[in-house]
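The values are calculated or read from the model by the stated rules, or taken from the named source; none is laboratory data. These figures come from a predicted structure and were not determined experimentally. Reconstructed Cβ throughout: ideal geometry from the backbone, glycine too, with neighbour counts over all protein chains shown.
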Amino acid sequence: MNAASARSAADDRWGPYPLVLVGAVLAVTFAVLVDPEWGGFSLGAVMTLGALLRLTGGGRLAVRRRTTDTLTLALFGAALMAASLVLQYPWLMPR
């Protein structure tokens, strides 16, 4: 196996992408059908999990550089979890 075919085989791996995709679909479905606050929290948790998985490898989650992908997913996931907690428990809001 030469270097080009090894690189092609590595690029074709799916990695954690199906796990994150299924988790996101379930979280959005839960948010729409059951409870928007906890659905938003679970979507944020899935995004944070995606950041962790991108940090360890990525597979199809790799879009840009590893640092950019990880920081973007982690910040948006944490912001979504924080916002859903503030919506669920208003007393968490700083005064």
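Looking at ARG54, is it part of a helix (DSSP H, G or I), modelled with pLDDT under 90 and touching a Phe, Trp or Tyr at 6+ places or on another chain (Cβ under 6 Å)?
Considered against the rule, which asks whether it is part of a helix (DSSP H, G or I), modelled with pLDDT under 90 and touching a Phe, Trp or Tyr at 6+ places or on another chain (Cβ under 6 Å), ARG54 comes out as no.
Give the residue, chosen from VAL63, VAL32, that is surrounded by fewer than 18 Cβ atoms within 10 Å (Cβ to Cβ) and either of a type in the set (Gly, Ala, Ser) or not in a helix (DSSP H, G or I) (or both).
Only one candidate passes the filter, namely VAL63.
When region 73-94 is examined, which residues are found to be in a helix (DSSP H, G or I) and at pLDDT below 80?
The answer is LEU92, and nothing else.
How many of the residues in region 1-36 are modelled with pLDDT under 85, within 17 Å of the chain's Cα centre (by Cα) and more than 19 Å from THR56 (Cα to Cα)?
0
Part of a helix (DSSP H, G or I), under 11 Å from the mean Cα position of the chain (by Cα) and under 20 Å from ARG13 (Cα atoms), is that true of THR70?
The answer is yes for THR70.
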